Amino acid sequence: MMKSKADEEDFWNSSKCKPFTFDDEDDEFSKLKESKQTVKNIRPLVDEDEDEDDVEKISWSGEPVGSISWSVRETAASSQRTEREPAFPKINTDTPAISRSLSGYSLSALFKGGTGKTKGANFQSFTDSQSDSSVRLYAPELRKPKSEYKDIVSDWSPEHTVQRMQQGKVVHLEKFRSLQDKLLLLDFAVSAHDGNVITAVLIYLKRTLSKEVLFRELESRQTALRHFIHYLTETRDQRLLLELLRALGRIEDVALLQYKEHLSIADENKRRDFLKSCLSLPFSPEDSAHVQDHYTLLERQIIIEATDRHAERGGKVEIFQKFPRRASILNMPLITTLYYCCFYHYHESEGTYSSPLNIRQTFRISDKQYFVTALAARAKLKAWSDVDALFTSRNWLGFTRKKSPLSFQRVVDILHRNSAPTQVLQEYVGLVDDSDLRISLAQKHKCHDIVINTYRDLKDRQLLLGYLSKVERGSAEAGKINQLLSNQQIRWRN
Amino acid sequence: MAHSARRDSPELPDFSMLKRLVKDQLIYLLEQLPGKKDLFIEADLMSPLDRIANVSILKQHEVDKLYKVEYKPVMSTSEQLCFLIRPRIQTVKWICDVVNADKTAGKCRRYKLIFTPQKFYACEAVLEEEGIFGDVSTDEWTFNLLPLDEDILSLELPEFFQDYFLAGDQRWVRTAGTALHLLHSLYGPFSKVYGIGRCSKMVYELWREQVEEGEQKAHQAEIGKVFLIDRDVDFVTPLCSQVVYEGLVDDIFRIKCGCVEFGPDVTSSDKSVKVMLNSQDKVFNEIRNEHFSNVFGFLSQKARNLQTAYDKRRGMDIKQIKAFVSEELKGLKQEHRQLSLHIGASESIMKKKTKQDFQELLKTEHSLLEGFEIRECISFIEEHMNRQVSMIESLRLLCLLSITENGLLPKDYRSLKAQYLQSYGVDHLFTFVSLRQLGLLVEQQPGDTLTVMESKVGKLVNDKTAGKLTDAFSSLAKKSNFRALSRKLSLVPKSDEEYDLRVPRDMAYIFSGAYIPLSCKLIEQVLERDSWTGLEEVTRLLNGHEFAAAGSSGADLSEKNDAQRIILVMFLGGCTFSEISALRFLGRERGYRFIVVTTAITNSSRLLEALLDNHV
């Protein structure tokens, strides 16, 4: 049903207005169809409106009023032919210029008179005595007998209705019965930029239109659609929201929304089963893998938790006695689980569920992630030989050397945070390549040997002399420095 | 330390009237429910309410007991219940439960709901659905502007950000327009309004309509120009670590409604103190806009001066001492108290920052802003995540990376997202959805064909079509184009130049000389040109939606009029203390005074936490 380009131009020519300059809304070309129709529909309404309000009609004439979500833009100069000079110009908006004053009406006064202003006096009739000027009933009006408003309100335009709603005045939405009228109302609400009114109209449409029709119409009205989705989210109308997303073909959102329900399931076994049922949901391939991992992880945590709780209660496993578990491992992130396993199950064979190596394999954990986590866990336990082993690799000749996927600077930092003793730190500070960085780290962590040796290698007598003041007098380090300084064989640079 | 202020800096308008107005309205509303009543207050309204009224005022108007809204059954025995709430469906549903429970128990009470700043149809629909419409009375308390300081007004609506930018819900747009209208009618007429962003445009429009509906009383304008800006025009600035004193205090201790709670580590006693942070605090006023590196020096100088002042006592005779006690001592004591608090706060900041490798973090941020050594930055972020350091910090760095690089390479995106989920939990899948929706963390489109196509199309056809095309794309995920903007506006000063933070030469000082906040730079440029002319390329990169409109009547435009140098800047979606500091600096340099109106004070943590909450 897309209109061709030629049609569009026709439209613009006939509407005697300049094409828009910028775009405000989520326009698709399909909107054109809708706006055109709206324009057609609006003419008679406009005419009827004439005797009711003569300021407003002027702004109607030059503009395709119905092209609301389409955003007609005219510069203030060309479109504004209101009677009084406006204080500020309109900028490109979707709203037709409205500058009518409602002082002529006394409708709200009439209503008040009719219903009796009994504010505060009669408690039961609060509906009637809402509040002085801002009577904001829109739905209850449905219940009022027609005679009560028939004479007063003959034919409010959708635009006028929206305007009154913005001001919190009484309106009669039940007047908008045809689909066209309803949509017109919605489009005017959107063009007024007032989210409160947009949602109010949507609530009315939700009550009076079938889901299929409402969903279909919302699809081409992005602003209204987002308000509706937000409204359903806030009212927790999960079922309707899912139906809407399905109707819109947003299947990945449907999947995520369904998956999200797991957050409200407290029991871990039920949660696991629910996650299992989520595996078949149409996630994106990427998210699908994450959800699969989530399920696998929880399944495994349940097993580990049961076993470890048992072991802890039994009181026979030393590590649980020495370092009692502070919390259950259930629902913890993967890396936390890995840390836990590196802490309590480090040396288990790869076959068990709680073995760190098994976890690493199952969840495709990168070297760096594994390394950082294992390092932190073993350092926390002060298992320095495990720490040492983490770095050791053999080359093809069988020589061992220290390797790390992490900069040694970072390694030192992690060890330091886990209060590693100087001897341990020293070993890793020494492996930092950059000599400046090495010295500053060595100074920070008081690895005197490294500082002294580096200065010696640099043949920098002055720096070495300077460092003498930083070590304890009479200590082994001081002795070493003095020895070096008196060494005749070193060719000092300074 | 003190900047050489231009002597002719114009006077700020007095905003205390705003407080009086809302206070009077609240009293009026309370009187609408005569007799004793219990008052239930929405949790996040407590601090704003504190700034307006106090318990004794409430008691004077027959408020008996005060409760916080906690979504639990009420224990109150009062005959009348009054609820002071935000127009939220969840809160209204709770009230419905309360009323219906009373009905079932056969308890008869009067209920009044006071919505602030306004009520929403959706809330009334809940009342209707739950069958209690008519059993309760409703009212509105139009408390939409809270003066936090002499130059800061807040709508205190942090949810403006996620409601508008994330959910696309325009419920607060009118509220912002109304706030602007209030300022216009009290301190206007404005002579000119500039703006950028979709929301700004709508706010302008809703404000303009109200101006046309109402009448402007002719009086001398106190505010000349207005600048409206959407938060999504510049996400980079609020995501950067703050290093100006007030911003740092906010990042670390969280300033709430102009008030901060300093814990025992600051007060060096066993109790916490709540302190108002505003221009009334003389010590704070002098350091709030300073780069943190200057604060220590300033404080120690101040301490020495204080010592000298106290020392004057020595050698005084009785009469002199009497005069000293009555005239100076009180001031000195107050200064002493303030000084010791800010010294304590500075120490605590230093401790916390050194502990978390702040220096390295800043280095990474600066590299990202410069577009330098991106691989190193990525690996820094990876390690940050792998070590499970702060979840918010990791997210902040990821977002900065994405915005400055205009999206991540698909390979990097996948791997970083996976590592994030592994470190902080798979539930953050929803966080990533939100971030993508906001354009804060996105994948680059393959080959970034969009840009190429756009520019080609732009050359072939006229600008309007190109603009439309850009929009169609940007509605999917907003492009940031940060690098191009940064070059065009020279946001990142050359790194080889020394930057003396004690004598700032531009607004970059608020980020240690590494970056001029985009939001403030735009304001500077537009004010300088008095229009958007010459900034076409910049606005194109910002996805358009800029405007400038001049009022035609009532405003006195003469340059001599001081009001024309009073500029009101309205941030839709929040602004940071660093931005306010930058604007104060700009004001001093150019002889303006800025008044900041914001939907809420924000910072990187608040911005990102808003996205986490959304899905739980």
Looking at (1) open to solvent by 30 Å² or more (accessible area, probe 1.4 Å); (2) modelled with pLDDT under 90, which one does residue B:348 not meet, given that it meets all the others?
(1)
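When you look at residue B:246, is it of a type in the set (Asp, Glu), open to solvent by less than 20 Å² (accessible area, probe 1.4 Å) and either free of Cβ contacts under 8 Å to residues at least 12 places away in the same chain or facing chain A (nearest Cβ under 10 Å) (or both), yes or no? Give the derivation first.
On the way: of a type in the set (Asp, Glu): yes; open to solvent by less than 20 Å² (accessible area, probe 1.4 Å): yes; either free of Cβ contacts under 8 Å to residues at least 12 places away in the same chain or facing chain A (nearest Cβ under 10 Å) (or both): no.
Against the criterion (of a type in the set (Asp, Glu), open to solvent by less than 20 Å² (accessible area, probe 1.4 Å) and either free of Cβ contacts under 8 Å to residues at least 12 places away in the same chain or facing chain A (nearest Cβ under 10 Å) (or both)), residue B:246 does not qualify.
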Tally the residues that are more than 16 Å from residue A:233 (Cβ to Cβ), of a type in the set (Lys, Arg) and free of Cβ contacts under 8 Å to residues at least 12 places away in the same chain, restricting the search to region A:244-272.
1
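For (1) closer than 25 Å to residue B:166 by Cα; (2) modelled with pLDDT under 90; (3) open to solvent by 20 Å² or more (accessible area, probe 1.4 Å), each residue gets a yes or a no:
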| position | (1), (2), (3) |
| --- | --- |
| B:358 | no, yes, yes |
| B:366 | no, no, yes |
| B:386 | no, no, no |
| B:391 | yes, no, yes |
| B:397 | yes, no, no |
| B:406 | yes, yes, yes |
| B:421 | yes, no, no |
| B:433 | yes, no, yes |
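Is it the case that residue B:169 is within 10 Å of chain A (Cβ to nearest Cβ), under 19 Å from residue B:45 (Cβ atoms), without any contact (Cβ under 8 Å) to a residue 24 or more places away in the chain and not in a strand (DSSP E or B)?
Considered against the rule, which asks whether it is within 10 Å of chain A (Cβ to nearest Cβ), under 19 Å from residue B:45 (Cβ atoms), without any contact (Cβ under 8 Å) to a residue 24 or more places away in the chain and not in a strand (DSSP E or B), residue B:169 comes out as no.
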Filtering region B:184-224 for residues that are out of contact with any Asp or Glu (no Cβ under 9 Å at 6 or more places or on another chain), buried (at least 24 other Cβ atoms within 10 Å of the Cβ) and under 18 Å from residue B:592 (Cβ atoms) leaves a count of 2
Conditions first: (1) at pLDDT 90 or above; (2) not in a loop (DSSP other than H, G, I, E, B); (3) not acidic (Asp, Glu). Residue B:564 passes all but one, so which condition is the exception?
(1)
Determine if region B:601-612 includes at least one residue that is in contact with a Leu (Cβ under 8 Å, 6 or more places away or on another chain), open to solvent by 10 Å² or more (accessible area, probe 1.4 Å), among the hydrophobic types (A, V, I, L, M, F, W, C) and at pLDDT 95 or above.
yes
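Which ones in region B:184-229 are of a type in the set (Phe, Trp, Tyr) and in a loop (DSSP other than H, G, I, E, B)? Break it down stepwise before answering.
Within region B:184-229, the subset of a type in the set (Phe, Trp, Tyr) is B:187, B:190, B:194, B:204, B:207, B:227.
The answer is B:190, and nothing else.
Could you please let me know if residue B:138 is at pLDDT 90 or above, surrounded by 22 or more Cβ atoms within 10 Å (Cβ to Cβ), closer than 28 Å to residue A:228 by Cβ and β-branched (Val, Ile, Thr)?
Details: at pLDDT 90 or above: yes; surrounded by 22 or more Cβ atoms within 10 Å (Cβ to Cβ): yes; closer than 28 Å to residue A:228 by Cβ: yes; β-branched (Val, Ile, Thr): yes.
The answer is yes for residue B:138.
Given the criteria under 26 Å from residue A:165 (Cα atoms), under 28 Å from the mean Cα position of the chain (by Cα) and more than 14 Å from chain A (Cβ to nearest Cβ), does residue B:84 qualify? Can you show your working first?
Working: under 26 Å from residue A:165 (Cα atoms): yes; under 28 Å from the mean Cα position of the chain (by Cα): yes; more than 14 Å from chain A (Cβ to nearest Cβ): yes.
Here the answer is yes, as residue B:84 does meet what is asked.
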For region B:581-607, give me each residue that is in contact with a strand residue (DSSP E or B) (Cβ under 7 Å, 6 or more places away or on another chain), assigned to a loop (DSSP other than H, G, I, E, B) and not hydrophobic (A, V, I, L, M, F, W, C).
B:592, B:599, B:602
Would you confirm, using the coordinates I've provided, whether residue B:302 is assigned to a helix (DSSP H, G or I), assigned by the TED database to the domain that holds residue B:342 and either crowded, with 19+ Cβ neighbours inside 10 Å or β-branched (Val, Ile, Thr) (or both)?
yes
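Examine region A:321-328 for a residue that is hydrophobic (A, V, I, L, M, F, W, C) and either under 20 Å from residue B:434 (Cα atoms) or in a helix (DSSP H, G or I) (or both), and state whether such a residue exists. Step through it out loud before you land on a result.
First, the residues of region A:321-328 that are hydrophobic (A, V, I, L, M, F, W, C): A:323, A:327.
Still in the list and also either under 20 Å from residue B:434 (Cα atoms) or in a helix (DSSP H, G or I) (or both): none.
The answer is no, given that none of the residues of region A:321-328 is hydrophobic (A, V, I, L, M, F, W, C) and either under 20 Å from residue B:434 (Cα atoms) or in a helix (DSSP H, G or I) (or both).
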Output the residues belonging to region A:311-357 that are more than 14 Å from chain B (Cβ to nearest Cβ), modelled with pLDDT of 90 or more and either exposed (fewer than 12 other Cβ atoms within 10 Å of the Cβ) or in contact with a Gly (Cβ under 8 Å, 6 or more places away or on another chain) (or both).
none
Looking at B:379, B:390, B:423, can you tell me which residue is of a type in the set (Ser, Thr, Tyr) and touching a helix residue (DSSP H, G or I) at 6+ places or on another chain (Cβ under 6 Å)?
B:423
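Filter region A:211-269 for residues that are assigned to a helix (DSSP H, G or I), among the hydrophobic types (A, V, I, L, M, F, W, C) and open to solvent by 30 Å² or more (accessible area, probe 1.4 Å) and give the result.
Residues of region A:211-269 that are assigned to a helix (DSSP H, G or I), as a first pass: A:211-219, A:222-234, A:238-247, A:251-264, A:268-269.
Going one step further and asking which of them are among the hydrophobic types (A, V, I, L, M, F, W, C), we end up with A:213-215, A:218, A:224-225, A:228-229, A:232, A:240-242, A:244-245, A:247, A:251, A:254-257, A:263.
The answer is A:213, A:229, A:247, A:251, A:263.
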For region A:147-209, give me every one of the helices (runs of 4 or more DSSP H) that falls completely inside it and has 1 or more residues that are within 31 Å of the chain's Cα centre (by Cα) and at pLDDT below 90.
A:158-166
If you go through region B:13-28, how many residues are surrounded by 13 or more Cβ atoms within 10 Å (Cβ to Cβ), touching a residue at least 40 places away in the same chain (Cβ under 8 Å) and not hydrophobic (A, V, I, L, M, F, W, C)?
3
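The values are calculated or read from the model by the stated rules, or taken from the named source; none is laboratory data. Quick caveat, the model's predicted, so the values are computed rather than measured. Cβ coordinates were reconstructed from backbone atoms using ideal geometry, including for glycine residues, and neighbour counts include every protein chain displayed. The area values use the complete protein model at the heavy-atom level, side chains included, leaving out ligands, DNA and RNA. Shrake-Rupley method; radii C 1.70, N 1.55, O 1.52, S 1.80 Å.
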